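Here the structure is laid out as structure tokens; the discussion comes afterwards.
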Amino acid sequence: MNPVIMLDEVDKVGADWRGDPSAALLEVLDPAQNHAFRDHYLDIEIDLSQVLFIATANMAETIPGPLLDRMEVIRFDGYTVAEKTAIARDYLWPRQRERNGLREDEVIVEDDILKLVVSEYTREAGVRQLERELGTLLRKTATKIASDPAVAPVTVDVDAVREALGRQKVFQEAAARTAVPGVATGLAVTGVGGDVLFVEANAMKGKGGLTLTGQLGDVMKESARIALTYVRAHARDLGIDEDAFEEREFHVHVPAGAIPKDGPSAGVTMTTALASLLSDRPVRHTVGMTGEVTLQGRVLPIGGLKQKVLAAHAAGLTDVILPERNRADLDDVPQDVREAMTFHPVMTIDEVLQVALEPARAKAKAISA
């Protein structure tokens, strides 16, 4: 009576009229109770104290709190581009080659081509989509060899990748998006790893309201209101004309409106976007940021730093602004990523703006004849 039982996707457990599985799992996973667990279906008592339960989940936040408290959490973060390339070369490519009926001497691929597929056709924490893309590439190659065996061996090049997989799917667009004032690059954690979010701010004539779009949750809505209040209260210190708020409405938008977004790590990004808009200073295109902000301008710590840094690295960013209290979490970031990036631990929003914003533009002086 010592099996290993796998509980897959335990974060998807829900409660409805049919029952609440998490209530039963509380008794199953609690070491103080599971030696006398009573199975109500069989109506017998079962000793589960020697059973090893391994649960998997994409997001710990959606697991009921009491249930999570009975688990030992081991976090697995995403892979770097170099790690994905190595996995593709050593495992995914040979497996897909065999599945598509090709021999090793019939198709040749270099690491540069695998890296191209990783960086331009996938943006994920794992490698599932990468394996699909490699499978598509090999099926096209197998079709070509079956049509004309004389072409073997086939060397996969950039043209072959474009022909098989189509146009580039993932772009490094931070430079283009942040070229105008009012757009800041934020870092977030999703159910499938880290991601880069662009927060946009704009202003128009109105009665001083604040519009929020992008399917934001309550926490992010509060962050946007705090950001506007902070910028308005410190307008003079930020070099913003205090009249800039009179009879104007503000709109904060986080693109990809079909995707729900929430979490306590967007306050710094929203504050930077509004400060950029009102001071007419664009955000540096190499900078990504994460952190929550208080009304007094303090930057609070966040979670998932490693995933966010890996997402920033994959998106081509070279500078990351993070809360000072998250400095110790940088030890979890792979060494090659740490060497390629510059990190800016900050305590206040003033430090964030010093790093994030371009220098103020010199005002042109009128020259009289």
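The values are calculated or read from the model by the stated rules, or taken from the named source; none is laboratory data. Bear in mind the structure is a predicted one, so any value in this text is a computation, not a measurement. Don't worry about glycine lacking a Cβ; one is built from the backbone with ideal geometry, like all the others, and counts go over all protein chains shown.
Among the residues of segment 309-365, write down those that are more than 20 Å from the chain's Cα centre (by Cα), crowded, with 18+ Cβ neighbours inside 10 Å and not β-branched (Val, Ile, Thr).
Correct list: Leu353, Leu357.
Of the residues that sit in segment 197-215 and are more than 18 Å from Met289 (Cα to Cα), within 23 Å of the chain's Cα centre (by Cα) and surrounded by 13 or more Cβ atoms within 10 Å (Cβ to Cβ), which one is modelled with the highest pLDDT?
For segment 197-215, the residue satisfying everything is Leu212.
Check segment 112-119 and report whether any residue there is under 25 Å from the mean Cα position of the chain (by Cα), in a helix (DSSP H, G or I), surrounded by fewer than 19 Cβ atoms within 10 Å (Cβ to Cβ) and among the basic types (Lys, Arg).
yes
Being touching a residue at least 24 places away in the same chain (Cβ under 8 Å), assigned by TED's automatic domain parsing to the domain that holds Val109 and either touching a Ser or Thr at 6+ places or on another chain (Cβ under 7 Å) or of a type in the set (Asp, Glu) (or both) narrows it down to one of Asp237, Asp157, so name that one.
Sole residue among the options that is touching a residue at least 24 places away in the same chain (Cβ under 8 Å), assigned by TED's automatic domain parsing to the domain that holds Val109 and either touching a Ser or Thr at 6+ places or on another chain (Cβ under 7 Å) or of a type in the set (Asp, Glu) (or both): Asp157.
Can you tell me how many residues within segment 245-257 are outside any loop (DSSP other than H, G, I, E, B) and either surrounded by fewer than 21 Cβ atoms within 10 Å (Cβ to Cβ) or of a type in the set (Val, Ile, Thr) (or both)?
To start, the set of residues in segment 245-257 that are outside any loop (DSSP other than H, G, I, E, B) comprises 245, 248-253.
Then drop every residue that is not either surrounded by fewer than 21 Cβ atoms within 10 Å (Cβ to Cβ) or of a type in the set (Val, Ile, Thr) (or both), which leaves 245, 248-249, 251-253.
Number of matching residues: 6.
Just to be sure I understand, how many residues within segment 141-167 are assigned to a loop (DSSP other than H, G, I, E, B) and loosely packed, with under 10 Cβ neighbours inside 10 Å?
Here the count works out to 2.
Residue by residue, here is whether (1) assigned by TED's automatic domain parsing to the domain that holds Ala125; (2) part of a loop (DSSP other than H, G, I, E, B); (3) touching a strand residue (DSSP E or B) at 6+ places or on another chain (Cβ under 8 Å) holds:
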residue	(1), (2), (3)
Asp11	no, no, no
Ala23	no, no, no
Glu27	no, no, yes
His35	no, no, no
Ile74	no, yes, no
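Going through segment 120-140 one residue at a time, which ones are part of a helix (DSSP H, G or I), charged (D, E, K, R) and touching a helix residue (DSSP H, G or I) at 6+ places or on another chain (Cβ under 7 Å)?
Glu131, Glu133, Lys140
Quick check on segment 41-59. Is at least one of its residues surrounded by fewer than 17 Cβ atoms within 10 Å (Cβ to Cβ), aromatic (Phe, Trp, Tyr) and in a helix (DSSP H, G or I)?
Step one: filter segment 41-59 for residues surrounded by fewer than 17 Cβ atoms within 10 Å (Cβ to Cβ), giving 41-47, 49-52, 54, 56, 58-59.
Now narrow it down to the ones that are aromatic (Phe, Trp, Tyr): 41.
Cutting the leftovers down to in a helix (DSSP H, G or I) gives us none.
Looking for residues that are surrounded by fewer than 17 Cβ atoms within 10 Å (Cβ to Cβ), aromatic (Phe, Trp, Tyr) and in a helix (DSSP H, G or I), one finds none in segment 41-59, hence no.
Which of (1) modelled with pLDDT of 90 or more; (2) within 13 Å of Leu165 (Cβ to Cβ) does Ser119 not meet, given it meets every other one?
Against the list (1) modelled with pLDDT of 90 or more; (2) within 13 Å of Leu165 (Cβ to Cβ), Ser119 comes up short only on (1).
Within the set of pairs 6 or more residues apart or between chains, which connect a residue that is in a loop (DSSP other than H, G, I, E, B) inside segment 206-218 to a residue that is of a type in the set (Val, Ile, Thr) with Cβ atoms less than 6 Å apart?
Sorted first by the residue in segment 206-218, then by its partner, the pairs are Gly214/Val254.
Filter segment 83-102 for residues that are within 26 Å of Pro149 (Cα to Cα) and among the β-branched types (Val, Ile, Thr) and give the result.
Residues satisfying the conditions do not exist here.
Within segment 36-47, identify whether any single residue is of a type outside the set (Lys, Arg) and closer than 30 Å to Val189 by Cα, and answer yes or no.
No, segment 36-47 has no match at all.
Can you tell me which residues in segment 87-111 are small (Gly, Ala, Ser) and either in contact with a Pro (Cβ under 6 Å, 6 or more places away or on another chain) or assigned to a helix (DSSP H, G or I) (or both)?
Ala88
Can you go through Val154, Val183 and tell me which one is touching a helix residue (DSSP H, G or I) at 6+ places or on another chain (Cβ under 6 Å) and modelled with pLDDT under 90?
Val154
Filter segment 258-286 down to residues that are under 19 Å from Thr178 (Cα atoms) and part of a loop (DSSP other than H, G, I, E, B) and give me whichever is nearest to the chain's Cα centre (by Cα).
Here the residue is Ala266.
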